[in-house]
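So that we are looking at the same thing, I have put the structure below in structure tokens.
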Amino acid sequence: MINKNSIFSKEDAASLVELSGIAISHFYDNSKRVVNSLYEILMIVKPYFLEPHLEKEKRKILQVFKQVTSENLNDLMEELIVACLNTAQYDRGLEVLNMLVEIGVKNDDDVTDDKAELHALLGSLEIAETILVEALNRNPKDVFRYIALGDLYYLWQIQDEKRNFAKAEEWYYKAYDLGLADKNIEGGRILLERLGDVCVERLRRNTFDGLIDLLKRFDIGGWETFVGLRDSVYLLSNESIMLSHLESEVMRRASPIESDQALQILITAYNFMPQRNLNDLCPFEMVEFFPMGENEIRFREEIFKAWEGRIGAENKKEMDARFSEGFSRFQEEFLKEKDPVTGKTRWGVQEDERKKIRKLFKNGKLIWTGFLKYRNAPVNTVKIGRNDPCPCGSGKKYKKCHGK
């Protein structure tokens, strides 16, 4: 058995115990205390790793450290890097990584992503990309390197306006085109999730920028008006007074030729605004992310057939003209009735299906791949049809619910 005192001096051993205790007690409430205490630990152990007669005893030093403190030094150093990130001490984080490589606790490959992220946060994107590309060249099939290169322009950018969605997608798609998006392995699943997330964010930014430009062009407002609309829609959805007001202002100020396009810009932006009653998702995400189950698809077909029979329409044109009269009420009544196939109410069957689908998404077992159709598509292709089912799950048509 290794003697606890065979490596560290009595004073250093006592300090290591005290400092590790301080760090652990503040992991969740004070990252600055964590940085200070763990950095001191690193400064204490560094000379021991660099002692010539201990050069081949690094494993022994790590074992004794764990005996003395009951903690793993590598784990503590990981917490130190996280704490540096959380407190924006990026230079300190780089200093720590370089020291860990110097004393042999980490190698260059171990710290590649962390070094790149810290350089990115310091604004040195070229240095960060060079670090990651060099690592990628050593292993061209490493999906995590492609993900890191995309994250460099996306998730690693704290300020939204500095995020370059096009560059992020470029790196993610390089991995996708190499066949590395295998949903059955962790890296492939993460890649698919990134592609989906960055696609939505890119489309959202484009629609919001378009709306702000529209507000300025017609002298209706600017950024503050947009923020007011976004906050109002989050709380009130399609009942937002601000939304109704802006629709009215657009119609009043735009020419007949401009009005349709202007209203489409406003509606498209609305479709990308998160809403509280949609569990903080936006209508676009609800429609795209959650496909209808087989029973819900069947119900839709049965509803339209039953309604067509009730109103006695002889052709599609007449059907469209008379469609909205009483349809919402009829649809609600139809869904409350018992389904002859399952023996349960159609509404209950539909809700059970939706819950299962959302659970699959939440657990990462169902991943949205619809981003492919928006890979090179302009934002004006993003539409939710007025006659599509409303994504909120009310059972009503979109134009009769959140698309009013």
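The values are calculated or read from the model by the stated rules, or taken from the named source; none is laboratory data. Just so you know, these numbers come straight off a predicted model, no measurement behind them. Reconstructed Cβ throughout: ideal geometry from the backbone, glycine too, with neighbour counts over all protein chains shown. Just the protein is used for accessible areas: all its heavy atoms, side chains included, with ligands, DNA and RNA removed. Shrake-Rupley method; radii C 1.70, N 1.55, O 1.52, S 1.80 Å.
Considering (1) closer than 23 Å to residue 349 by Cβ; (2) touching a Cys at 6+ places or on another chain (Cβ under 9 Å); (3) without any contact (Cβ under 8 Å) to a residue 60 or more places away in the chain; (4) not hydrophobic (A, V, I, L, M, F, W, C), say which one residue 302 fails and leave the rest.
Single failed check for residue 302: (2).
Let me ask you something else. Which numbered condition trips up residue 28, out of (1) within 21 Å of residue 92 (Cα to Cα); (2) touching a residue at least 12 places away in the same chain (Cβ under 8 Å); (3) open to solvent by 80 Å² or more (accessible area, probe 1.4 Å)?
Here residue 28 meets the rest and fails (2).
Give the residues of region 146-160 that are hydrophobic (A, V, I, L, M, F, W, C) and part of a loop (DSSP other than H, G, I, E, B), sorted by residue number. Walk me through how you get there before you give the answer.
Applying the first criterion (hydrophobic (A, V, I, L, M, F, W, C)) to region 146-160 yields 147-149, 152, 155-156, 158.
Once the filter is applied, which keeps residues that are hydrophobic (A, V, I, L, M, F, W, C) and part of a loop (DSSP other than H, G, I, E, B), region 146-160 yields 155, 156, 158.
Just to be sure, is residue 147 open to solvent by 60 Å² or more (accessible area, probe 1.4 Å), under 23 Å from the mean Cα position of the chain (by Cα) and β-branched (Val, Ile, Thr)?
no
Kindly check whether there is at least one residue in region 172-184 that is modelled with pLDDT under 95, part of a helix (DSSP H, G or I) and not polar (S, T, N, Q).
Scanning region 172-184 turns up no residue that is modelled with pLDDT under 95, part of a helix (DSSP H, G or I) and not polar (S, T, N, Q).
What pairs can you find where one residue is in region 153-165 and modelled with pLDDT under 95, the other is among the charged types (D, E, K, R), and their Cβ atoms are less than 6 Å apart, with a gap of 6+ or different chains?
156/117; 157/163
Which helices (runs of 4 or more DSSP H) sit wholly inside region 38-122 and have at least 1 residues that are touching a helix residue (DSSP H, G or I) at 6+ places or on another chain (Cβ under 7 Å) and of a type in the set (Gly, Ala, Ser)? It would help to see each step written out before you state the result.
Values: elements: 58-69, 73-86, 90-102, 112-121.
So the answer is 73-86, 90-102, 112-121.
Which of the residues that make up region 339-368 are modelled with pLDDT under 85, part of a loop (DSSP other than H, G, I, E, B) and either surrounded by 12 or more Cβ atoms within 10 Å (Cβ to Cβ) or basic (Lys, Arg) (or both)?
Correct list: 364, 365, 366, 367.
Mind listing just one residue for me: the one in region 369-382 that is more than 20 Å from residue 186 (Cα to Cα), part of a loop (DSSP other than H, G, I, E, B) and at pLDDT 75 or above and, of those, least open to solvent (accessible area, probe 1.4 Å)?
This residue is 375.
Okay, next question. Among (1) under 30 Å from residue 151 (Cβ atoms); (2) open to solvent by 70 Å² or more (accessible area, probe 1.4 Å), which single condition is residue 251 missing?
Of the numbered conditions (1) under 30 Å from residue 151 (Cβ atoms); (2) open to solvent by 70 Å² or more (accessible area, probe 1.4 Å), the odd one out for residue 251 is (1).
Restricting attention to region 260-293, and to residues there that are assigned to a helix (DSSP H, G or I) and out of contact with any helix residue (DSSP H, G or I) (no Cβ under 8 Å at 6 or more places or on another chain), which single residue is modelled with the lowest pLDDT? Can you show your working first?
Taking region 260-293 first, the residues assigned to a helix (DSSP H, G or I) are 260-271, 276-278, 283-289.
From the residues that got through so far, the ones that are out of contact with any helix residue (DSSP H, G or I) (no Cβ under 8 Å at 6 or more places or on another chain) too are 260-261, 267, 287.
Working: 260: 87, 261: 90, 267: 91, 287: 82.
Among residues in region 260-293 that are assigned to a helix (DSSP H, G or I) and out of contact with any helix residue (DSSP H, G or I) (no Cβ under 8 Å at 6 or more places or on another chain), the one modelled with the lowest pLDDT is 287.
Being charged (D, E, K, R) and within 19 Å of the chain's Cα centre (by Cα) narrows it down to one of 138, 163, so name that one. Break it down stepwise before answering.
Values: 138 fails: within 19 Å of the chain's Cα centre (by Cα).
Result of the check over 138, 163: 163.
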